[in-house]
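Taken together, the values in this text are just the output of simple stated rules run on the coordinates, not laboratory data. All figures in this text were calculated on a predicted structure; none of them were measured in a lab. Cβ placement follows ideal geometry from the backbone for every residue including glycine, while neighbour counts extend to all protein chains displayed.
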Amino acid sequence: MIIKVGICLKSVQPLFYQGRSGFLTMKAALWNLTQLPLTAQFLCTRHTNPKLGRRLTDGQNSRQTDGQPGLRNGAIRHGKEEMKDDMEGSLKSFTLRQRSSFPKSVFAAGTAKRTAEMLKRKSAVVSKDEEKPETRTARGAGKVKPPDRPLSVAEWKTLKEAGGNPQRFDIQMMCALFNSGAELDIAKSLLTFVAMDTGTLSYELLLRYLTLCVSGGHDAEVFDVYDIIRGSFPSLDTGASSLFIKSFSRTARWREAVEILNEVKKVFTPSPRNYGDIIAAALLHGDITTAWALYDELIGKGLNPHQETWINLFKGSGQINWVEMKMAENISKSNHQERLLGILLYMRNNQIYPQHSLASSIRTWFESLTEQKWAASWTTATPEGLCTCCGSELESIQLTSEEYQQLKDRVMTDIIQGRDVFNKTTPEELEQFKAFVKRKPAFDVVIDGLNVANINKDKSKQSETLLAVVSELERRGLVVLVLGRKHMLRPSRSWERHNMNLLQQKAHCFFTENISEDDPFLLYATLHSGNHCQFVSRDLMRDHKACLPDGVTRRLFFKWQRGHQLVVDGHVAAGRRVRFQSIPSYDTIVQTSGDSWHVPYDDTLDRSTYEVPQRWLCLSKKH
């Protein structure tokens, strides 16, 4: 059964590149049209949405900063949420004494969440918004309740009237059907009703129907929609392209997804998800040459692969018949192995941490190399930086002299002398500070005075708190610089004169104007004093790291920061020794010695982007 649906090109122009015909021929299999005559001519839809042509954001958001995911733990989106993204893209070196229990570093995975939960418990205030996280739905989608069976035109009309005849009833209902995982036949009956009720089907409704089909795995229905669109428009928009690529990649028609991808590349950069879908299909059908070619193209465009893509590459290795492969394609088993090891080096160079599922695939692949006799274990590292499984020493957290000089030069240029530095200080004050540092001996520790003074909640004891921290460091024979602001020198309840006098006897002090920002001064003094110098602050310096021009320098800064930042552990109380959180002696990064690999991996959903995993995969060759 064939039905011709006339759709005005003007209404869908933001979505498709205008083609040769404004009419779509739709197969009756697309939905149940028993309510309609064999052929029907519908009116042009007048509804337009200026947001409909917006590019898909998947490709943009998939670019990870410094190899670290912008979302917590780089969480990979699956299923329905992923379908929504495609659809909505179209529609819109001294060692401080530590506690015997080896306290966690501020950079340890999950620290931020644990701290937030502790503060929440203490305040005993939990908002309802926090208890009920938001989920993205179309406007009004939560107000309509989808039926549990296909409805007739009359039944749909009654349901619509019962809800007050909302203008976007069809869109809201299709969204509700999608969110509830409704049967496809119900969505088909909705389309039938809309066609009879309004005389047209808007592109937005068709796209949401397509999203439902792809999400539910109804690939035959997707093929019908594809044929309809191809029959009228020469090019696809971003969201439709991504949905078609995903659906075709799951079927024997996966090579058509490659053709769609090639068309997409003429207009914009495909997303890592687009590449990943086809790479998975190529591996499933034994076309490893195409898989690696697409992977190289993805990397060449500066995109970061999704972790599922790496999982498929490692898993797909075990499904290859290398005897047949050698005869059919110009790729060897050893070459394939080198490519997979290259993925680990890519993770290292971009400071990417695999999730546990990917780490498991990596482990399985190494164990499958029976001729090389790899032993694999889940493990941790000691405070001294030794693998608890094989005993190997992990790479040091300390920068080499070349790395340190490179970082120092970039920080001086881009942070200390950056274009906005004088919004935070004055040229005269900065020059005075440089002269001050030059006159003094190299410092062992630089303290952000105001930051440290605010550790305790009791603001009447700020000077007492700061003095306690300075006294602890002075007791250890260290040369200390305290950076403060001039208001701290005015006697008050918070800043007692006696405490401030003692502070200036125990440490070198420099007090900036009250409007000045401390951090540039802190970074300058710390880096100027040498690679041994550490700093005390709770500030994680994320804004300053973002000022650095490239990923390599930002990763160097993060490594230096983790090896040099001291954070006071717990509260500071009079008469008690001040303790600091541990500074790791080793770098948390993928590393190899040839006969071994150590891969830090995420075993928690609580890791923030500035934190590092605490669990490792140890891979070592048996001798």
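Amide H contacts of residue 511 (H built 1.01 Å from N, in plane; Pro and chain starts excluded): 484 sit under 5 Å, all sequence-distant by 5 or more or on other chains.
Close amide H contacts of residue 586 (hydrogens built in the peptide plane, cut-off under 5 Å, sequence separation of 5 or more or a different chain): 397. Please compute the length gained on full extension between residue 504 and residue 337, using 0.36 nm multiplied by the number of residues separating them and subtracting their Cα-Cα distance. Going from the current span to full extension adds 54.0 nm.
Shown is the FRET efficiency for residue 356 and residue 162, computed with R0 = 35 Å from the Cβ-Cβ distance and rounded to the nearest 0.05: 0.15. The label point for residue 235 and the one for residue 392, both projected 7 Å from the Cα toward the Cβ, are 5.0 nm apart.
For the range 153-340, the C-alpha radius of gyration divided by 2.2 N^0.38 Å, with N the number of residues, is 1.27. In a fully extended conformation the segment linking residue 198 and residue 253 would gain 16.3 nm over its present Cα-Cα distance, using 0.36 nm per residue. Put a dot 7 Å past the Cα of residue 492, heading toward its Cβ, do the same for residue 409, and the two dots end up 4.4 nm apart. Along the range 608-623 the Karplus relation, 6.51 cos²θ - 1.76 cosθ + 1.60 evaluated at θ = phi - 60°, assigns HN-Hα couplings of 7, 5, 8, 9, 10, x, 10, 10, 10, 9, 9, 10, 9, 7, 6, 10 Hz to successive residues, with x for each Gly and Pro.
In this calculation the C-beta distance from residue 431 to residue 513 is compared with R0 = 22 Å, giving a FRET efficiency of 0.95. Annotation: amide H of residue 597 within the under-5 Å range of 619, 620, sequence separation 5 or more or interchain, hydrogens built in the peptide plane. With a threshold of 30 Å on the Cα-Cα distance, the over-threshold entries among 160/265; 301/545; 408/440; 457/506; 266/333 are 160/265; 266/333. If a spin label sat at a point 7 angstrom from the Cα of residue 574 along the line to its beta carbon, the backbone N atoms of the range 448-465 nearer than 18 Å would be those of 453-465.
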